[in-house]
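Asks: After the structure tokens below, expect a handful of questions from me.
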Amino acid sequence: MNTADLFSEYVVPTYGRFNLAIARGRGCRVWDEEGREYLDFGAGIAVCSIGHSHPRITEALTRQSQTLVHTSNLYYNRPQGLLAKKLAGYVGHPGKVFFCNSGAEANEALYKLARKFGNETAPPAPRHNVGEWVETDRNRYEIITFDDSFHGRTLAGIAATGQQKVKTGFQPPVQGFLQVPFNDAPAVVAAITPRTAAVLVEPIQGEVGILPCHPHFLRTLRSICDDHGILLLFDEIQCGLGRTGDWCGWKTLTGDDLMPDAISWAKGIAGGFPMGAVWISNRKTALKKGGDSPLADLLGPGSHGTTFGGTPLACAVAGEVLAVIEEENLLANAKELGAHALRELKALGSPLIKEVRGVGLLIGIEFSEGMSLPGAGSRPPALTLTDLLHAAGLLCVPSGARSLRWLPPLNVTRAEIDEALRIFRGVVLAL
């Protein structure tokens, strides 16, 4: 029985899979079961941040697995503490880190933080000039998110996500989430009520073709949240930890003069080993019961947890991945080669391409509306183009119906970028 038949008979069909069975990988390349080679510009959807089968990951896995793989979070383990210190240093502001296993779990921690904040902290002063805003003892629990956002596939993640296709079939929605137009500050202000606890935003939306926040919009969000006594939360699961050329994706857009209250990370944090993390600011928050508390301490013992988050093995691997990024100067590589790829893609000038957008090695290619591809039928053009690129030896990731993403490893070379450009150019010109 071949691999596709195994999946058809035994694996729940939650994915529309391409007709590829990947058998092995090395660096920026993978090989299928027939031995055919592909240049991998999907990298596990921005996960394999230092490529496939990196020897330092192998060494870290081997070394730590021979010492201690797992211990309950009822105890301390040093790799977790060291990794938390490293991540907090990347943010550059006092705070603490919670570890989990995925991006969806990291965002769940943000939702719970927002509700804990809304339940236990003192409400802001009355604001009679903002709609119905009045002093209230009611708990605050609502989180404002944005159209076209993606925050995961848990029930709360679906409710937070601003895409109807993700929500269909899972009604009724988890209460407490509402979406407003992206990059629209007045819409955020209009949506704030006495129940609002937080605003959650992806500094760069990834699932709909790489759409960055306007820098002024992010700064305005910070002011709005400060003015209304609510939290500003960043989902950096796809754009964080080096992909944009900075450790924090929002800093590529705004610089260091902006600071959120909490951040979710996952994907590239451990180079393919399952891990998610949340950084929470230590800023003081006034409590209803009197006194104050660091925001990072609101999720105290018993309020949140995980069996597998932050194991010695996961933290040792993540620490090694981040060390490679530091030592090999891969942030600069992401900026330099991302800019090169963006220039060359824009220079193609094809009528099939509506727009090319990108920040570092997070690049989106949006195709023209109404384009007709031979043999596509009713299939979205992004899927048909992805198949054509696969056939030519280049893996990339669809992003909505009309966009593709390039998400190569951060240690991709200029020669590999140019090879991908040649393949892409050939496919587009042939059409």
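Asks: Here's a check for you: in the range 394-404, which residue that is out of contact with any Leu (no Cβ under 8 Å at 6 or more places or on another chain), surrounded by 20 or more Cβ atoms within 10 Å (Cβ to Cβ) and closer than 18 Å to residue 46 by Cβ is modelled with the highest pLDDT?
Replies: If we take residues in the range 394-404 being out of contact with any Leu (no Cβ under 8 Å at 6 or more places or on another chain), surrounded by 20 or more Cβ atoms within 10 Å (Cβ to Cβ) and closer than 18 Å to residue 46 by Cβ, then 403 is modelled with the highest pLDDT.
Asks: Assess whether residue 59 counts as being charged (D, E, K, R) and outside the structural domain of residue 380 (by TED's automatic domain parsing).
Replies: The answer is yes for residue 59.
Asks: Go through (1) out of contact with any helix residue (DSSP H, G or I) (no Cβ under 9 Å at 6 or more places or on another chain); (2) crowded, with 17+ Cβ neighbours inside 10 Å; (3) hydroxyl-bearing (Ser, Thr, Tyr) and name the single condition residue 38 misses.
Replies: Failing condition for residue 38: (1).
Asks: Limited to the range 190-239, what total is found for residues that are basic (Lys, Arg) and either within 23 Å of residue 268 (Cα to Cα) or in the same structural domain as residue 46 (by TED's automatic domain parsing) (or both)?
Replies: Of the residues in that region, 0 qualify.
Asks: Looking at the range 70-118 only, could you name the residues that are in a loop (DSSP other than H, G, I, E, B), over 18 Å from the mean Cα position of the chain (by Cα), at negative phi and not hydrophobic (A, V, I, L, M, F, W, C)?
Replies: 70, 71, 72, 73, 75, 76, 77, 93, 94
Asks: Give me the residue from the range 174-189 that is over 20 Å from the mean Cα position of the chain (by Cα) and β-branched (Val, Ile, Thr) and, out of that set, nearest to residue 201 (Cα to Cα).
Replies: Here the answer is 188.
Asks: If you don't mind, another one. Which of (1) under 25 Å from the mean Cα position of the chain (by Cα); (2) surrounded by fewer than 15 Cβ atoms within 10 Å (Cβ to Cβ) does residue 418 not meet, given it meets every other one?
Replies: Failing condition for residue 418: (1).
Asks: Considering only residues that are in contact with a Phe, Trp or Tyr (Cβ under 7 Å, 6 or more places away or on another chain), surrounded by fewer than 22 Cβ atoms within 10 Å (Cβ to Cβ) and among the aliphatic types (A, V, I, L, M), look in the range 173-210 and name the one that is nearest to residue 281 (Cα to Cα).
Replies: Once the filter is applied, the top-ranked residue is 185.
Asks: Next up: Show the residue pairs meeting these rules: Cβ distance below 7 Å; 6+ apart or different chains; first residue within the range 338-364 and in contact (Cβ under 8 Å) with a residue 24 or more places away in the chain; second residue in a strand (DSSP E or B) and of a type in the set (Phe, Trp, Tyr).
Replies: Once the first residue is in contact (Cβ under 8 Å) with a residue 24 or more places away in the chain and sits in the range 338-364, its partners that are in a strand (DSSP E or B) and of a type in the set (Phe, Trp, Tyr) give 341/406; 352/367; 353/367; 354/367; 363/406.
For (1) modelled with pLDDT under 95; (2) closer than 18 Å to residue 430 by Cα; (3) of a type outside the set (S, T, N, Q), each residue gets a yes or a no:
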position: 345; (1), (2), (3): no, yes, yes
position: 350; (1), (2), (3): yes, yes, no
position: 361; (1), (2), (3): no, no, yes
position: 375; (1), (2), (3): yes, yes, yes
position: 383; (1), (2), (3): yes, yes, yes
position: 389; (1), (2), (3): no, yes, yes
position: 392; (1), (2), (3): no, yes, yes
position: 406; (1), (2), (3): no, no, yes
position: 411; (1), (2), (3): no, no, no
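Asks: When the range 317-347 is examined, which residues are found to be surrounded by fewer than 16 Cβ atoms within 10 Å (Cβ to Cβ), of a type in the set (A, V, I, L, M, F, W, C) and farther than 18 Å from residue 248 by Cα?
Replies: Answer for the range 317-347, where residues must be surrounded by fewer than 16 Cβ atoms within 10 Å (Cβ to Cβ), of a type in the set (A, V, I, L, M, F, W, C) and farther than 18 Å from residue 248 by Cα: just 347.
Asks: Name the single residue, out of those in the range 238-285 being part of a strand (DSSP E or B) and of a type in the set (Val, Ile, Thr), that is surrounded by the fewest Cβ atoms within 10 Å (Cβ to Cβ).
Replies: Per the criteria, the residue is 285.
Asks: Could you say which residue among 309, 272, 360, 319 is within 22 Å of residue 82 (Cβ to Cβ) and within 17 Å of the chain's Cα centre (by Cα)?
Replies: Matching residue, one of 309, 272, 360, 319: 272.
Asks: Quick check on my filter: what residues within the range 3-13 are surrounded by fewer than 10 Cβ atoms within 10 Å (Cβ to Cβ) and either outside any loop (DSSP other than H, G, I, E, B) or modelled with pLDDT under 95 (or both)?
Replies: 5, 9, 10
The values are calculated or read from the model by the stated rules, or taken from the named source; none is laboratory data. Quantities reported herein were computed from a predicted structural model and do not represent experimental measurements. Reconstructed Cβ throughout: ideal geometry from the backbone, glycine too, with neighbour counts over all protein chains shown.
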